[in-house]
1. Residues A241, A249: which one is among the aliphatic types (A, V, I, L, M), in contact with a strand residue (DSSP E or B) (Cβ under 9 Å, 6 or more places away or on another chain), surrounded by fewer than 24 Cβ atoms within 10 Å (Cβ to Cβ) and closer than 23 Å to V268 by Cα?
2. Which of (1) in contact (Cβ under 8 Å) with a residue 60 or more places away in the chain; (2) not in a helix (DSSP H, G or I) is the odd one out, the single condition D263 does not satisfy?
3. Does V152 qualify as being within 19 Å of the chain's Cα centre (by Cα) and either under 18 Å from E95 (Cα atoms) or touching a residue at least 60 places away in the same chain (Cβ under 8 Å) (or both)?
4. So which of L281, L297, L274, L314 is over 23 Å from the mean Cα position of the chain (by Cα) and either more than 20 Å from S45 (Cα to Cα) or not assigned by TED's automatic domain parsing to the domain that holds G219 (or both)?
5. So is A262 under 13 Å from F46 (Cβ atoms), of a type in the set (A, V, I, L, M) and either more than 11 Å from the ligand (Cβ to nearest atom) or out of contact with any Gly (no Cβ under 9 Å at 6 or more places or on another chain) (or both) or not?
6. Name the one entry in K117, K153 that is within 16 Å of I83 (Cα to Cα) and either surrounded by 23 or more Cβ atoms within 10 Å (Cβ to Cβ) or in the same structural domain as A232 (by TED's automatic domain parsing) (or both).
7. Name the single residue that is nearest to the ligand (Cβ to nearest atom) among those in region 30-72 being free of Cβ contacts under 8 Å to residues at least 12 places away in the same chain and assigned to a loop (DSSP other than H, G, I, E, B).
8. When you go through A279, A301 one by one, which is the residue that is of a type in the set (G, A, S), in a helix (DSSP H, G or I) and free of Cβ contacts under 8 Å to residues at least 60 places away in the same chain?
Amino acid sequence: MTANYATNISAQNMGNIADVLGLKPVVLAPMAGVTDAPFRAAVRSFGPALVYSEMVASAELLRDRRSAALRLKADGAAGPLAIQLAGREPGALAEAARIAEAEGAILIDINMGCPAKKVVGGLCGSALMREPDLARALVRAVIAAVSVPVTVKMRLGWDEQDRNAPELARQLESEGVQAVAVHGRTRAQFYEGPADWSFIARVKAAVTIPVLANGDVRGTEDAKNILQVSGADGVMIGRGAFGRPWVIAQMQAALDGAPVPADPPDAVKWQTALRQYRAALSHYGIDLGRRVVRKHLGWYAESANAGKELRDALVRAADPEPLLMRLAGVLQSEAA
Ligand SMILES: Cc1cc2nc3c(=O)[nH]c(=O)nc-3n(C[C@H](O)[C@H](O)[C@H](O)COP(=O)(O)O)c2cc1C
């Protein structure tokens, strides 16, 4: 990949986005409550991928909340991790970025897409799309604070009347942001209606930094189509990876022109679920781990076409491990 993307990088911002992203990257989107370390490990078990943390609110992190620290914890030798931060106070966001970099984040992403009304201490995420001056100040502060690339994830704009992603992306590029990910919906849409991939092309036309296209990409054909329609440099996958952590590797192969791995057999799907279940218990502790991982088990049940009864049994079990082991074909004697 050539370095001609990086025309506006400030002196402080030495990290090279081209090296971080590679060619035609397929990355796992940041998803609160979903893209925790156990799920990221499941994605990586099917092939190397850049994965994003759940959003970490800077205010929460600086108050040293255990839950924020857990979300931030980088994956060590497991592979590259992008950490996504949210906040609206430049000093706090910069400080959080320093902590994220020290944890091992290979890029820091700033959330300008979250539609929720309130996240710890004020309007976050997509509200920044209506406050370009503050958005610029935030990225400036973070870029000055860290040496890894700083990126932004945004939506098309606040609503139909104000689709300002191209203009905002251009402004943020001039501050030194090294890539933008664009979810093809407005804030007003939340998650309703189809993502507008063609508008992402306008963002691509407005900047020279890499653009990651996001929204409604479920399979390899979608991945090819969104790149074709948007002209983007890479693809970001959210809900399409629920219970299907192998799709990232499948899409990456498709975009690389390599043979696309088949869906794993059901036994491998359940083995993946079992591994993630155990990892969640050791990551969070037993009680919280079981609560957090439950929705994933439901998604795995769907991807393995398990049927409602089995799905309910898994999701409702106080201890789903014996059932998971049976489904995974793991014998009790191998359990330890
Ligand atoms: C459960 C859930 C949590 C999400 N959390 C975040 C988040 O923390 N930060 C963020 O930028 N986007 C978040 N998103 C948005 C996704 O990253 C993505 O932009 C959106 O789901 C559209 O992509 P998809 O159609 O591939 O899911 C979240 C989405 C979902 C479904």
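The values are calculated or read from the model by the stated rules, or taken from the named source; none is laboratory data. Not measured: the values here are computed from a predicted model. So basically every Cβ, Gly included, is an ideal-geometry build from the backbone, and we count neighbours across all protein chains shown.
1. When all the criteria are applied, what remains is A249.
2. (1)
3. Here the answer is yes, as V152 does meet what is asked.
4. Testing whether each residue is over 23 Å from the mean Cα position of the chain (by Cα) and either more than 20 Å from S45 (Cα to Cα) or not assigned by TED's automatic domain parsing to the domain that holds G219 (or both) leaves just L314.
5. yes
6. K153
7. Narrowing region 30-72 to residues free of Cβ contacts under 8 Å to residues at least 12 places away in the same chain: 63-67, 69.
Within this subset, residues satisfying the condition of being assigned to a loop (DSSP other than H, G, I, E, B) are 63-65.
Numbers: R63: 18, D64: 20, R65: 16 Å.
In this case the residue turns out to be R65.
8. Details: A279 fails: free of Cβ contacts under 8 Å to residues at least 60 places away in the same chain.
Being of a type in the set (G, A, S), in a helix (DSSP H, G or I) and free of Cβ contacts under 8 Å to residues at least 60 places away in the same chain holds for just one of A279, A301, which is A301.
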